[in-house]
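Since every read-out is calculated from the coordinates, none of them should be taken as a lab result. Quantities reported herein were computed from a predicted structural model and do not represent experimental measurements. Cβ placement follows ideal geometry from the backbone for every residue including glycine, while neighbour counts extend to all protein chains displayed.
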Amino acid sequence: MHRLLAEHSQREGIVFGKMERIMTTQKLNDIPEIFHYADRIGNLTAEAVGVVKGEKYFPVFDGRLVFKPLTKSKPLSTPLFAYAEVFWSWLINAYFMPTPQYRLAFCYGYEAETGKYYDYGTVSPVIYQEGEHLMNLLEFFRKYPDKKVHIDQYVNYCQMFYDYTEILEADYFQQHQEMAQELARQILISILKGDQNYHYENVAFVCDETGEILRVAPMIDHEFSTYFMFPDSFPEKMFWLGQLQRSIEGRPLQQDEFAQLENAEERKLMEKSAVCLHGNLLYIREHYPEVTTWFLEKLSVLEQDLNEQPELFHIEKSLGYPDCANSNAYLIGKARYKDHDEKMARYYEERYGGRGKEISFKVLNSQLLYDMKTIIRQIKKVLMEQGEKQC
């Protein structure tokens, strides 16, 4: 489900060579914003209309600020999910396009009220104005079927990359090139940030009261960024970074490469995920050369700053914010709050309970810069390569 967040923060233009860069006044607050659930002016209800059913009630505060908590049942969630939201919203806004700005935040009393949410997460302004609403791609293609988009085969699957070529081939985007170009830009950025959850429910249109589409909603939901996942397990982190690199490279599948996956549907999804980012890049390169040029120019500026001013991208531990990671703790919350299986929840508590591993921000920063530069080189190679296109 595409969620609520965001108007742009104030920005200032800075001339950099022949390009105008958009720089935010700050990257990451050292001190989280503090809210109290009792002080809310209302709750913004967000109903999941996609594959994963459910409702979420996010507290709204003065200034149309929405608190988005970290969730006890969200797969693989750690405090770095919140840091990823702040980091990528800053970077995208600074180097690519206006986007909602997240800040770390506490909302005291919220966990006691809900149980399944933590008191900590992020805060950001509401994305749409009065009289507007969101319609994600899943909702859109269910309402307006397109034979090129096999929406009935769509699966909301965590830790998977998604093929967007058939979405861009849809009649609506073929007939609305400005919308298509904006989506193409967002797809390219999602690949850069290694988004393992950039599915059709996290891309949306902003519509008016009559349902008329006004614009593509800005990018939100950056928490499943590969670089920020598994701070407590280096082998897991490297495995999924390898999956990101493999999908960008797009090398052909080997026979039975995913034979270890017993579930046939899961195996089919992972086989598609393993090569689809390469396909997305080639499609955009061929059909949207202006978008490709725009992205490569922005990417080069980012790459130069990563090399010459790495301190700009360093993430510091935020004072008072949780600093331990337990990527398996979500199993407890899933059993308790989604499956309503208290026996299994207690089993997982015995096995995975505890604070977890302390997050090393020194290691995080070192890996983040190295991995981002590696992925940038890969993306540039695919977008700039000449000659016969590979599928």
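Values as computed for the structure displayed
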item	result
For the range 292-339, the spread of Cα positions along each principal axis, largest first, Å	48, 32, 14
Separation in nanometres of the label points that stand 7 Å from Cα toward Cβ, at Y144 and A264	3.6
Gyration tensor verdict on the range 168-224 (Cα atoms; rounded if a/c is under 1.5, prolate if a/b is larger than b/c, oblate otherwise)	oblate
Within the chain, percent of DSSP bridges classed antiparallel, to nearest 5	90
The range 262-323-the range 131-204 distance, computed between alpha-carbon centres (Å)	16
Global form of the chain, assessed from the alpha-carbon gyration tensor, a/c cut-off 1.5	rounded
³J(HN,Hα), Karplus 6.51/-1.76/1.60, whole Hz, each residue of the range 272-278, x for Gly, Pro	5, 4, 5, 10, 6, 5, 4
Candidates Q309, Q245, Q196: whichever shows maximal mean-square fluctuation once the chain is modelled as a Gaussian network with Cα springs under 10 Å	Q309
Contour minus Cα-Cα distance for Q129 and A38 (0.36 nm per residue)	30.3 nm
The chain - mean residue ellipticity at 222 nm from DSSP helices (-39,500 (n - 2.57) per run, n ≥ 4, rounded to 500)	-12500 deg cm²/dmol
Using a Förster distance of 22 Å, the FRET efficiency for I376-E257 (Cβ separation, nearest 0.05)	0.25
Max mean-square fluctuation residue, GNM over the chain, Cα-Cα springs under 10 Å, options I359, I189, I34	I34
Check: the range 71-165 dipole with +1 on Lys, Arg Cβ and -1 on Asp, Glu Cβ, in debye	240
For the chain, built as a Gaussian network whose Cα springs stay under 10 Å, the top-fluctuating residue of Q177, Q304, Q153	Q153
The range 124-153: GluC sites (Glu not before Pro) in DSSP coil with no more than 11 other Cβ atoms inside 10 Å	E130
